[in-house]
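All remarks here apply to the structure that follows.
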Amino acid sequence: MFTILLLQCLSKFHVTDPTFSCRNNRGDSLTGAYYHKVSELSNTAVGAELTHSFSTNENTLTFGGQHALDPLTVLKARINNSGKASALIQHEWSPKSLVTISAEVDTKTIEKSSKVGIAVALKP
């Protein structure tokens, strides 16, 4: 099974099932990801993504997770091997209308400024 998935990824196909995905981004990079739902009740999940860039010959490994604080509020966080950490909290105050507050920091250069953002998505 894994050999078939690997061959499909290498031949520029996109393969997805509920917990594993593999992408070839226009021939420049290859990405494999794993997603595991820990708790259906609290919408808690963890995941990992490994990307190899052929042009720069670099690998990036990212770990992340999410947890529902309540049925309308989700907390997400991730960190990668180059030291970039990010987090967000997202609240749905009416059906399909969201407010999101996010932040990102480079832990290797903590003295530089971080990024903070807020987004509002309104849908009728």
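Bear in mind these aren't lab numbers, they're just calculated from the coordinates by the rules spelled out. Computed from a predicted model, the values in this text were never measured in an experiment. A quick note on method: Cβ atoms are made from the backbone with ideal geometry, for glycine too, and the neighbour counts reach across all protein chains shown.
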Qualifying residue in the range 100-111 (condition: of a type in the set (K, R) and in contact with a strand residue (DSSP E or B) (Cβ under 7 Å, 6 or more places away or on another chain)): no
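Listed here are the residues, each with its yes/no results for (1) in contact with a Gly (Cβ under 8 Å, 6 or more places away or on another chain); (2) free of Cβ contacts under 8 Å to residues at least 24 places away in the same chain; (3) among the polar types (S, T, N, Q).
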{"position": "D28", "(1), (2), (3)": "no, no, no"}
{"position": "H36", "(1), (2), (3)": "yes, yes, no"}
{"position": "S55", "(1), (2), (3)": "no, no, yes"}
{"position": "T60", "(1), (2), (3)": "no, yes, yes"}
{"position": "L69", "(1), (2), (3)": "no, yes, no"}
{"position": "L72", "(1), (2), (3)": "no, yes, no"}
{"position": "W93", "(1), (2), (3)": "no, yes, no"}
{"position": "V105", "(1), (2), (3)": "no, yes, no"}
{"position": "E111", "(1), (2), (3)": "no, yes, no"}
So which residues in the range 17-40 are in a loop (DSSP other than H, G, I, E, B) and of a type outside the set (S, T, N, Q)? D17, P18, R26, G27, D28, E40
Kindly check whether there is at least one residue in the range 87-95 that is within 30 Å of G27 (Cβ to Cβ), surrounded by 12 or more Cβ atoms within 10 Å (Cβ to Cβ) and small (G, A, S). no
